[in-house]
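The values are calculated or read from the model by the stated rules, or taken from the named source; none is laboratory data. Please read these numbers as outputs of a predicted model, since none were measured by experiment. Neighbour counts run over all protein chains shown; Cβ positions are idealised from the backbone, glycine included. Protein only, heavy atoms only, side chains kept; ligands, DNA and RNA dropped before computing areas. Shrake-Rupley method; radii C 1.70, N 1.55, O 1.52, S 1.80 Å.
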Amino acid sequence: MQRPIIALALFLNIAACDAGGAGTTLPTQPQQASQPRCTSSPCGNTASGKDPLEERIEAGTAIVDAARAGDDDRKRWSNPIYSTSDKPDRLALDVIRSAGLRLRLIPAQGRLVISTPTSTHVFAIAGAQGSGDVCPAYNLYVRDASSEHILLERMCRTFEYKPDRYARSVTYYLYDQPTGTMVDIWTASASGKDDPMPEADPRPVVKRITGGYQFDWAGTQAGNAGKRRHEMHNRYLRKFSGAQKSLLCKNVSTGPGRGDDSTCEGGYLERIGG
């Protein structure tokens, strides 16, 4: 995955929030420069008269805008959607531009709208703002996609929901456009004050197969019990019965140590209407 824009944003001193310990940070939405760093106005240190930090932030913003407007889908994905953004254009993302596949987050309602020229599916990706949900602020990352699927990662930022009680989590969702289904295929959480963000190592991927997807993952899963080895081998197949459309999970692990019977217990996101 290309991440030059995120790296540049961090270099430009764009704000980040604590992701849960041990020096790990989770990027938040870019913030504008507040007070000028110059002692005179206009600033004598730059040709434009602007503060140098303000110039660097503007340059970084221009690079992000160019990637979002460009035709390279993967470069566009390097820009996450921040639930705390107050800019409507930053809450939407063209995933596969040639197919018209697009995401739009409505943070106030905790809803994610996934649309194409022929379909619109709305999912409850989080609790509504002010609902008391333990994931009030989160980032959404497109990790892979095609004209008919999206692999989406949601990072819930560290949140102290009660005195000295913390929550942070990482969840991967598989969206299937033909069935209008979105299912949790990998998740981990941690609650210790100094726990790191429980990211997957390696990052999950799915393989498109006839009628669905194959998900094979073996790696380190972090959480309250520390890092532990885990293995998953699931197959997601479409089922059509009249007007009913579904994406069914089957554990295809075989042999000793080949996965866990509970690996198909990932929840399906509630679809709102339609």
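Which of the residues spanning region 154-199 are in contact (Cβ under 8 Å) with a residue 60 or more places away in the chain, open to solvent by 20 Å² or more (accessible area, probe 1.4 Å) and more than 19 Å from the chain's Cα centre (by Cα)? Correct list: TYR166, PRO178, GLY192, LYS193, ASP194, ASP195. For region 175-196, the count of residues that are in a loop (DSSP other than H, G, I, E, B) and aliphatic (A, V, I, L, M) is zero.
Of the residues making up region 147-184, those that are within 15 Å of LEU93 (Cβ to Cβ) and of a type in the set (Ser, Thr, Tyr) number 2.
Any idea how many residues of region 63-103 are of a type in the set (Phe, Trp, Tyr) and in a helix (DSSP H, G or I)? So that I can check it myself, show each step before the final result.
Residues of region 63-103 of a type in the set (Phe, Trp, Tyr): 77, 82.
Imposing the further condition that a residue be in a helix (DSSP H, G or I) reduces the set to 77.
So the answer is 1.
When the residues of region 167-211 are filtered to those that are more than 21 Å from LEU112 (Cα to Cα) and polar (S, T, N, Q), the one that is modelled with the lowest pLDDT is SER191. Inspect region 204-219 for any residue being closer than 30 Å to PRO163 by Cα and under 18 Å from the mean Cα position of the chain (by Cα) and give the result as yes or no. Looking for residues that are closer than 30 Å to PRO163 by Cα and under 18 Å from the mean Cα position of the chain (by Cα), one finds none in region 204-219, hence no. Within region 47-62, is even one residue in a loop (DSSP other than H, G, I, E, B) and either modelled with pLDDT of 75 or more or open to solvent by less than 50 Å² (accessible area, probe 1.4 Å) (or both)? Checked against the condition, which is being in a loop (DSSP other than H, G, I, E, B) and either modelled with pLDDT of 75 or more or open to solvent by less than 50 Å² (accessible area, probe 1.4 Å) (or both), region 47-62 yields at least one hit. Against the condition of a type in the set (Ser, Thr, Tyr) and modelled with pLDDT under 95, how does SER115 come out, does it pass? No, not satisfied. Within region 255-272, the set of residues being modelled with pLDDT under 70 and surrounded by fewer than 13 Cβ atoms within 10 Å (Cβ to Cβ) comprises GLY255, PRO256, GLY257, ASP261, SER262.
Residues considered: ARG203, ARG229, ARG143, ARG208. Of these, the only one that is open to solvent by 10 Å² or more (accessible area, probe 1.4 Å) and free of Cβ contacts under 8 Å to residues at least 24 places away in the same chain is ARG229.
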